[in-house]
1. Among the aliphatic types (A, V, I, L, M), under 23 Å from PRO95 (Cα atoms) and out of contact with any Leu (no Cβ under 7 Å at 6 or more places or on another chain): is that true of LEU71 in this structure?
2. When only residues in segment 43-56 that are modelled with pLDDT under 90 and out of contact with any Ser or Thr (no Cβ under 9 Å at 6 or more places or on another chain) count, which is surrounded by the most Cβ atoms within 10 Å (Cβ to Cβ)?
3. Kindly indicate whether ARG33 is more than 13 Å from the chain's Cα centre (by Cα), within 23 Å of ILE11 (Cβ to Cβ) and at pLDDT 90 or above.
4. Considering only segment 63-85, I want to know if a residue exists there that is surrounded by fewer than 14 Cβ atoms within 10 Å (Cβ to Cβ) and touching a Gly at 6+ places or on another chain (Cβ under 6 Å).
5. Output the number of residues of segment 56-99 satisfying the condition of being closer than 16 Å to GLU29 by Cα and in contact (Cβ under 8 Å) with a residue 60 or more places away in the chain.
6. Return the residues of segment 46-68 that are of a type in the set (D, E, K, R) and either part of a helix (DSSP H, G or I) or under 14 Å from ASP12 (Cα atoms) (or both); say none if nothing qualifies.
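The values are calculated or read from the model by the stated rules, or taken from the named source; none is laboratory data. Just so we're clear, the structure is a prediction, and the values are computed from it rather than from any experiment. Because the Cβ atoms are built from the backbone with ideal geometry, glycine has one as well, and the counts that use them run over all protein chains shown.
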Amino acid sequence: MGSLIYGHPEIDIKLEDRVLAHLQVVFSEKLGRNEGFHFSWADHDSGRNVVWVHPAMPLYFRYAGSRVPSLNPAWIGDMQRDINSGVGLILRSEPHGGS
């Protein structure tokens, strides 16, 4: 299990490497345009979490494994639609037919 580490003080979000790889693609596109967005994920211990992801804040993707996961274009498309909505990106399960 890898981590998405964000902000000061650091928030360490534990996620599977496959999830991280998809988030990296979508986050990079949005932040590359100097655009911020809301990111929301479920936490088994504390319900749901939401952070404002801003280009000026530190962001680090830490993968547990060395293999680059294959990407599911349908999942990336779903994430891109969400991230550009007023609600922002809500982390959801990968749609069927994933790689």
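1. Judged against the criteria, LEU71 is a match.
2. ASP43
3. When the stated conditions are applied, ARG33 passes them.
4. Taking every residue of segment 63-85 in turn, at least one turns out to be surrounded by fewer than 14 Cβ atoms within 10 Å (Cβ to Cβ) and touching a Gly at 6+ places or on another chain (Cβ under 6 Å).
5. 1
6. Across segment 46-68, the qualifying residue is only ARG62.
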